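Please treat every number below as a calculation from the coordinates, not as lab data. This one's a predicted model, so the numbers in the text were calculated from it and none came from an experiment. All Cβ positions, glycine included, derive from the backbone under ideal geometry; neighbour counts span all protein chains shown.
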Amino acid sequence: MNEISIDLVDTLANIRNRAVVMAEVGWSELGTIVSSILPDPLNPMALLPIATGIAAGGDIKGLIPAAAAITLIDSSLRTVDDCMDRDDQDTLYKSIGINRAINLAMALNTVATRELTHLHLPPRESERLLDNCFRAFLEVCRGQDKDISMYADTLVEYEEIVRLKTVSAYEFAAVIGALVASSDTNAIEMCSKCGIHLGWMAQIMNDIEDLWFSVDRGNLSFKHFTFPLLYGLSMENPHTTELRQLCSDNNYDEDRIRILLDEMNVRRELMTLALDHRYHALEALGPPLHPDGLAIVQIWLDWLFRDGDYFLGKDSRQYT
């Protein structure tokens, strides 16, 4: 793969700095809080709008504000999600309280949306970007509402929640770069497809990690079924009946459920599905788009899948 023309470490630092400055415009303490909660360096996922924007022919300077706005929107959504789930010990509400955390999340979303209106785009492109933003945010909220108000009993029901809550967010994070960089409908559509596949991939991997590698194993809850269990329950397999019985028991045998899912090859099949989505995401950023965009996403995905063997339960930490 060709070397890319931008410094990714420097780009991540610039995105972070811009996000903090955006928050400070709201009020100084908001900027201080954002600086304290944002990882340093940022997760490479923050590069997604940069990658798609460059793929669509944009320049790094014009894409940093959009990536910073996405970073603030992501922080807003994660803060609200943490306040509702209350299953993360290292989160904002633990230090400032739930009420204040929710209020600050609302402020971050407002700051980010305001910044999107200041991207100096032509009126038509600006309207298209904001329409995409509002649609995506409402779909995420709708998915969150479904997630709160109901338990998905089937794989189809859960996939609908994931499509709204996760895939919509990734799609917008990907498409915003293209919308800032270009009015080319084909380029925008390709970047959108990339984000959709990345969203499915990310949720599958997240569900695998939560089920098999949760830090607080004592708090695992199988009442809220996710991909591994629902995928296993949907299979025609000799172990499916036992799995269904285990899932209907109020006293879950968590270790047995994990063992049974591995005997059903669920973890490997889900990792294969995640890899398929990775392939299609990369394929979407192929020619005729600028190759640097594809290269950036490839670097991020190589970083993300660095522990692939670990996810499969192997000793090696290097994914091949």
Worksheet item: Within region 8-311, what is the number of lysine pairs with alpha carbons under 26 Å apart, leaving out pairs fewer than eight places apart on the same chain?
Response: 9
Response to the item:
From DSSP H assignment alone, runs of 4+ in the chain each adding -39500 (n - 2.57), the sum over residues rounded to the nearest 500 puts [θ] at 222 nm at -23000 deg cm²/dmol
Worksheet item: Radius of gyration and Dmax for region 8-311's Cα atoms, expressed in Å?
Response: 19.9, 60
Item to complete: Sort the following peptides by mean Cβ neighbour count (other Cβ atoms within 10 Å, averaged over residues), highest first: 152-161, 284-293.
Response: 284-293, 152-161
Worksheet item: Taking other Cβ within 10 Å of each residue's Cβ, how do SER168, SER248, SER183 sort, fewest first?
Response: SER248, SER183, SER168
Worksheet entry | Options MET264, ILE33, GLY143, ranked by Cα towards positive dipole end of the chain, top entry (Cβ charges) | ILE33
Fill in: Compactness index (Cα Rg / 2.2 N^0.38 Å), region 27-147
1.12
Fill in: Karplus 3J(HN,Hα) series, Hz, for region 142-158 with 6.51 cos²θ - 1.76 cosθ + 1.60 (x for Gly, Pro)
5, x, 5, 5, 4, 5, 7, 8, 8, 9, 6, 9, 10, 4, 4, 5, 5
Practice prompt. Considering Cα pairs under 8 angstrom that are at least six residues apart, work out the relative contact order of region 5-50 and quote it in whole percent.
Written response: 43
Worksheet item: To the nearest 20 debye, what charge dipole does the chain have about its Cα centre, counting +1 at the Cβ of each Lys and Arg and -1 at the Cβ of each Asp and Glu?
Response: 600
Discussion item. For region 8-311, what does the relative contact order come out to in percent, with C-alpha contacts under 8 Å and a separation of six or more?
Written reply: 21
